[in-house]
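**Student:** Starting off with a structure, shown below.
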Amino acid sequence: MPPKDAQKFYRSLLDLIEVERLAERTENMREIRRYPLETRVAMGKTVTGLELVSIGEGVGGMPLLRLACKPKGEDFAPFHSMGPGDVVQITFPQGFDPKTADATLYKVEDYAVTAALNGPGPSRLGAGCQIDLVGSEATYKQMKRALVSVLDAKKSRLAALRDICMGKKDPKVLGAKRLEGFYNEGLNEFQREAVVKCLRAEDVALVHGPPGTGKTTVLVELIRQSAARGMRVLATAPSNVAVDNILEKLLGSGLRCVRMGHPARTLEALREANLAFLVEGDPAYAEVRDLDYLRERLVKKGSRFGRGQLGYAERDEREREVRRLWRKAREIEFELSRGIVGGAHVVLGTHAGIPRKLVDDGFDLVVMDEASQATEPLSWVPLAMARRAVFAGDSMQLPPTIYSKEAADAGLATTLFERLKSLLPSDLQSLLRVQYRMHETIMGFPSREFYDGRLIADESVRTHTAAGLEGVSPVELVARPLVFVDTAGAGFEESWNALLESRENAGEARLAARLAQELLACGLRPKDMGILTPYVAQARLLKTLLRVPGLEIGSVDGFQGREKEATIVSLVRSNQEAEVGFLADTRRMNVAITRSRRLLVMIGDSATLGQHPFYARFIDYADAQGAHRSAYEWP
């Protein structure tokens, strides 16, 4: 049921945001301060002993630092918990200026990272640096501002959208519009129906996109159709990966696209569409370079004199001029940015990555991908900038990550996508049914469990297997799409990793490594394979056993929105009490199963898992497919 009192509801969300902010900050501080240094290093949240080996310059003149360390053995994986786009703090050794710097990771390698600084950096190289993974509170500020604007809205478009989302006002459906044609002629009937429904929605519409059904393809078609009607479109998602997926499909369409956000969070191949790159490429940016050059010269000139060698008036005048030059350069940058954003057909960014000050008149339409993975306050950040909205997501996959159980239980875990699902009529909701990723056997179980058996495997993927990949030998393991390797009776007991506060299973990890080596030996490329597990301790253990360039190993949660030709999933749980822990949230299994295109190898203990109804049904499904194998077959 929708909330009855809008004021009370949104004020409660404001309170819950603060609870969640404090919970996340507590978690970050707990990891950085409470744990000993060796624990933070083991968790991958801190890396020490780094050498600053080079200083370069990136888009927009940002300093780029490359920091590296020497390998210390086969199980040494210093950056295993870090990735491009993460916010970090760099601590420099004694004698460096500045002592610390906030930065965004630009590139992450096995033993080196490139970090883009948010401000000035050191002017010399040296060893003894440290990186700490930290969080940012900017998103919380954005959410609070958005909710306050929703609370205060009166007799406006935002007020109307709020009332629709509260169930107090009925959304409107426009009359049937003739569509001259689709830009993407390959859309299936369900995708075409979704585009038409979204175009007819005067206020809001939902697109339900189960794994592999092409919801991003639908959004791209909708964006192109809307832009052709003269609409300005905002395209957002909670993750940078999802935003880049939309941008990649839009490039070449002829639309002027501007990607907001730090260039380090944009895929390298797409950075030419990033706002910072476009600003730097504008002829007027030459004046910014001149101003920054003059400012740097003035700073360096002043640094050659001790404070006692300059009079107060002279020093004060120099500092005023430095500030004036900096302010003038930033004003020009801002005006260039606003002009570029204002002239774009499509502006793209994460939900909290669109600076409101650069948006003069808002947008005619906002399309929000991964809408089921954004909390309601986060969804209102882009929604408050637009007249109409289309949400695309899948409530049968993992929900937003929430640190505070109190906030989650009090309502923060319920997304706006989920609320609208129960509010909107059927002519404003679409279910995509044809999937273009999985072999029909891999698809079959999640289709039955989560989508009422309504998914259809497209003919292009219905029977494909890993044996059909170029260079792969047709051995038994790759000839079938699904294998459940049962570890019952093998003695692979789970254990608790107190250092990482997570579970691991050494026997199961060794088995996963053997299976991975078998797949590699038969010709499967490392980049086409992924090893997934629900537990971070197991992921780290697997990384120590398999150091294969290009082979991705990570958590199930981290693989959401991704796909691989073949995946190995290590479920870890094996205990006499038949406890499955957070595996009881079966949406996590939906994600785990549906990452694979041609081959899914699931490893688990049927004696433990089989006591849970969902996993019992999965084991029965594997039996029916002739896919139930024993760990004893891989001694």
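The values are calculated or read from the model by the stated rules, or taken from the named source; none is laboratory data. Because the structure is a prediction, the values reported are computed rather than measured. Counting neighbours? That spans all protein chains shown, and the Cβs are built from the backbone with ideal geometry, glycine included. We work out accessible area using only protein heavy atoms, side chains counted, and drop any ligands, DNA or RNA first. Shrake-Rupley method; radii C 1.70, N 1.55, O 1.52, S 1.80 Å.
**Student:** Given a 1.4 Å probe, how much area per residue of the chain is accessible, in Å²?
**Tutor:** Per-residue value: 45 Å².
**Student:** Now for a separate question. In terms of modelled amide H atoms, which long-range or inter-chain residues lie less than 5 Å from the amide H of L551?
**Tutor:** For L551, whose amide H was placed from the backbone, there are no distant partners under 5 Å.
**Student:** Let me ask something else about it. Sort V434, V148 by heavy-atom solvent-accessible area, probe 1.4 angstrom, most to least.
**Tutor:** These residues rank, largest area first, as V148, V434.
**Student:** Further, regarding this structure: Points 7 angstrom from Cα along the Cβ direction at D102 and E563: gap in nanometres?
**Tutor:** Taking the two extended label points, one gets 3.8 nm.
**Student:** Return the ratio Rg/(2.2 N^0.38 Å) for region 380-421, where Rg is computed over Cα atoms only.
**Tutor:** 1.31
**Student:** Cα gyration tensor of region 113-209, axes a ≥ b ≥ c as square roots of the eigenvalues: rounded (a/c below 1.5), prolate (a/b > b/c) or oblate?
**Tutor:** Taking the square roots of the gyration eigenvalues as a ≥ b ≥ c, region 113-209 is oblate.
**Student:** Then there is this: Using the alpha-carbon centroid of each, what span in Å lies between region 576-631 and region 197-269?
**Tutor:** Between the Cα centre of region 576-631 and that of region 197-269, the gap is 34 Å.
**Student:** Using all alpha carbons of the chain, what is the percent of pairwise distances in each 20 Å bin, ordered from the shortest bin to the longest?
**Tutor:** Reading the bins upward from 0: 17, 48, 30, 4, 0.
**Student:** Hey, if we sort F190, F417 by accessible area with the 1.4 Å probe, largest down, what's the order? Could the numbers behind the result be given before it?
**Tutor:** Details: F190 35, F417 0 Å².
So, going from the largest accessible area down, we get F190, F417.
**Student:** Tell me whether region 147-198 comes out rounded, prolate or oblate; compute the Cα gyration tensor, take square roots of the eigenvalues as a ≥ b ≥ c, and use a/c under 1.5 as the rounded threshold.
**Tutor:** Prolate, because a/c is 1.5 or more and a/b exceeds b/c.
**Student:** State to the nearest 20 debye the size of the charge dipole of the chain about its Cα centre, where the only charges are +1 on K and R beta carbons and -1 on D and E beta carbons.
**Tutor:** Computed charge dipole of the chain: roughly 1960 debye.
**Student:** Can you give the accessible area of S379 in Å² (nearest 10), computed on protein heavy atoms with a 1.4 Å probe?
**Tutor:** 0 Å²
**Student:** Additional query: Carbon-plus-sulfur fraction of the accessible area of region 513-623, 1.4 Å probe, in percent? Write down the numbers at each step before the final one.
**Tutor:** On the way: 1760 of 3700 Å².
Here it works out to 47 percent.
**Student:** Leaving out ligands, DNA and RNA but keeping every protein chain, what accessible area does K527 have, in Å² rounded to the nearest 10, with a 1.4 Å probe?
**Tutor:** Answer for K527: close to 120 Å² accessible.
**Student:** Using 0.36 nm per residue of separation minus the Cα-Cα distance, give me the extension gain between Y436 and K527 in nm, one decimal.
**Tutor:** Residue separation times 0.36 nm, minus the Cα-Cα distance, leaves 30.8 nm.
**Student:** Probe radius 1.4 Å, ligands and nucleic acids left out: which of Y140, Y183 has the largest accessible area, and how do the rest follow? Numbers along the way, then the final one.
**Tutor:** Numbers: Y140 20, Y183 110 Å².
Result, largest first: Y183, Y140.
**Student:** Sticking with this structure for a sec: At 1.4 Å probe size, with the rest of the protein present, what percent of the exposed accessible area of region 422-502 is carbon and sulfur atoms?
**Tutor:** 47 percent
**Student:** In whole percent, how big is the carbon plus sulfur part of the accessible area of region 185-226, probe 1.4 Å, protein atoms only?
**Tutor:** Of the solvent-accessible surface of region 185-226, carbon and sulfur hold 40 percent.
**Student:** Using the Cα gyration tensor of region 220-287, with a ≥ b ≥ c the square roots of its eigenvalues, what is the shape: rounded (a/c below 1.5), prolate (a/b larger than b/c) or oblate (neither)?
**Tutor:** Since a/c reaches 1.5 but b/c is at least a/b, the shape of region 220-287 is classed as oblate.
**Student:** For the chain, what is the mean residue ellipticity at 222 nm derived from helices alone (per DSSP H run of n ≥ 4: -39500 (n - 2.57); sum divided by total residues; nearest 500 deg cm²/dmol)?
**Tutor:** So the calculated ellipticity at 222 nm is -11000 deg cm²/dmol.
**Student:** Ok, one more. Would you kindly derive the ³J(HN,Hα) couplings of region 231-238 from the backbone phi angles with the Karplus curve 6.51 cos²θ - 1.76 cosθ + 1.60 (θ = phi - 60°), listing them in order in whole Hz, with x for Gly and Pro?
**Tutor:** Taking θ as phi minus 60°, the curve returns 7, 8, 10, 10, 10, 9, 7, x Hz for region 231-238.
**Student:** Sorted by average packing, counted as other Cβ atoms within 10 angstrom per residue and highest first, what order do 216-225, 249-258 take?
**Tutor:** Details: 216-225: 23.9, 249-258: 16.0.
Packing proxy ranking, top to bottom: 216-225, 249-258.
**Student:** For K99, which lysines qualify as cross-link partners when the Cα separation must be under 24 Å and same-chain residues fewer than eight apart are set aside?
**Tutor:** K45, K70, K107, K300, K301
**Student:** Turning to a different aspect of this structure: List, in order, the whole-Hz ³J(HN,Hα) value for each residue of region 539-551 obtained from phi through the Karplus relation with A = 6.51, B = -1.76, C = 1.60 and θ = phi - 60°; use x for Gly and Pro.
**Tutor:** Values per residue, Gly and Pro as x: 4, 5, 4, 4, 5, 6, 8, 10, 10, 10, x, x, 8 Hz.
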